[in-house]
Amino acid sequence: MMKTPTFRSIVAAADLTPASAEVIRAAAALALRTGARLHVVHACDLPVLVYGNAAAGGIAVEQRIQAAGERLAAHIDGAMPDGLRPASQEVRFGSPADIVIERAAEVEADLIVLGPHRPRPVGDLFLGSTADRVIRRAAAPCLVVRGEFALPLRRVMVPIDLSDPSRGALDLALGWAMGLGASDEGERVPHVEVTVAHVIPRIFGTDSFPFDREVVAPELGREIQGAVVRTGARARVGICEKIIWGDVPAEELVSLAEQETPDLLVIATHGYGLMLRALIGSVASHVVRRAPCSVLLVPPNRWTADEPTVDAWAGIMRGCAPVAPLT
């Protein structure tokens, strides 16, 4: 029988833009499905008072907190399903990224839910400033919600580059597919497709780097089989392998996502595989900015060799206790 992920705590970062409603709605749907406690937080930037006196500044701060609190309450009321209320809703002054990280640490969040970046005139290959800072520092995976995030999941896409961080992303993708995927009413098993994508930069197609599908496919198959064993996904999800040649890996992944139309794309934010180390951060940034769906970003500190995080997350997604790694 399919088991639902056992998240304990989810933090939703609401910036009070129109996108906030989808962020809160997605976080609420996940909390309702998993039984997690939902914490909604909004950060107000500190006012700049060059010549103002302290009393006037204090009044301005109080007024902004009150106004933001009223707007946050309205967003929550409009987005939350009947019968579900957040465990907490707060307005704090400070850097939005700092506030989100601080609140996530306080409640030991298993997941941070954010909205899409705000458009900026420069930096097309990088995340919006708040999302970028949160992803780089967060101890938990971050879900960047684009449009409606509907459950149950039916299609999930996960790019991997054969690195340790991308193995963690693959495990997490399979776990979400099992726990949050659509299920057949009769068989009670997930009915969800997972596309595992690997992009081979064309530089490796030269005589100096004789890579081809016959070389990569077996290695990719071994990676997938390892993830299936770790997560218990055998015969519970449909897995499709995609090997693509491309000049720009990020663009190839976005193009594939547009063709596959996944409900969720899961990607590690850093890796050390066939793609050059300097490109990995920009690949994830480019994908999350351009993907036609919500993106689950898996931070590298979740998959260090010194921590049993891959096995722990596999256990969490199966709804059971983490298993210590073999030594």
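The values are calculated or read from the model by the stated rules, or taken from the named source; none is laboratory data. This is a predicted model, so every value here is computed, not measured. Positions of Cβ are generated from backbone atoms using ideal geometry, with glycine treated the same way; all protein chains shown enter the neighbour counts.
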* **Selection status of V283, out of contact with any strand residue (DSSP E or B) (no Cβ under 7 Å at 6 or more places or on another chain), outside any loop (DSSP other than H, G, I, E, B), surrounded by 22 or more Cβ atoms within 10 Å (Cβ to Cβ) and at pLDDT 65 or above** => yes
* Taking the condition at pLDDT below 50, on the phi < 0 side of the Ramachandran plot, surrounded by fewer than 21 Cβ atoms within 10 Å (Cβ to Cβ) and not polar (S, T, N, Q), does E307 pass? -> yes
* To do: State which residue pairs qualify: first residue free of Cβ contacts under 8 Å to residues at least 40 places away in the same chain and assigned by TED's automatic domain parsing to the domain that holds H39 and inside the range 95-112, second residue surrounded by 15 or more Cβ atoms within 10 Å (Cβ to Cβ) and not in a helix (DSSP H, G or I) in any location, beta carbons under 7 Å apart, and separation of 6 or more residues or different chains.
  => I101/A138
* Looking only at the range 35-51, decide whether some residue is surrounded by 14 or more Cβ atoms within 10 Å (Cβ to Cβ) and modelled with pLDDT under 90. => yes
* Quick one: how many residues across the range 82-100 are hydrophobic (A, V, I, L, M, F, W, C), at pLDDT 90 or above and over 21 Å from the mean Cα position of the chain (by Cα)? -> 3
* **For A278: the one exception among (1) among the small types (G, A, S); (2) modelled with pLDDT under 90; (3) surrounded by 14 or more Cβ atoms within 10 Å (Cβ to Cβ)** => (3)
* Asked: So which of A105, A79 is under 22 Å from the mean Cα position of the chain (by Cα) and either hydroxyl-bearing (S, T, Y) or modelled with pLDDT of 95 or more (or both)?
  -> A105
* With respect to R118, determine if the residue is of a type in the set (D, E, K, R), farther than 20 Å from A19 by Cα and at pLDDT below 90. => no
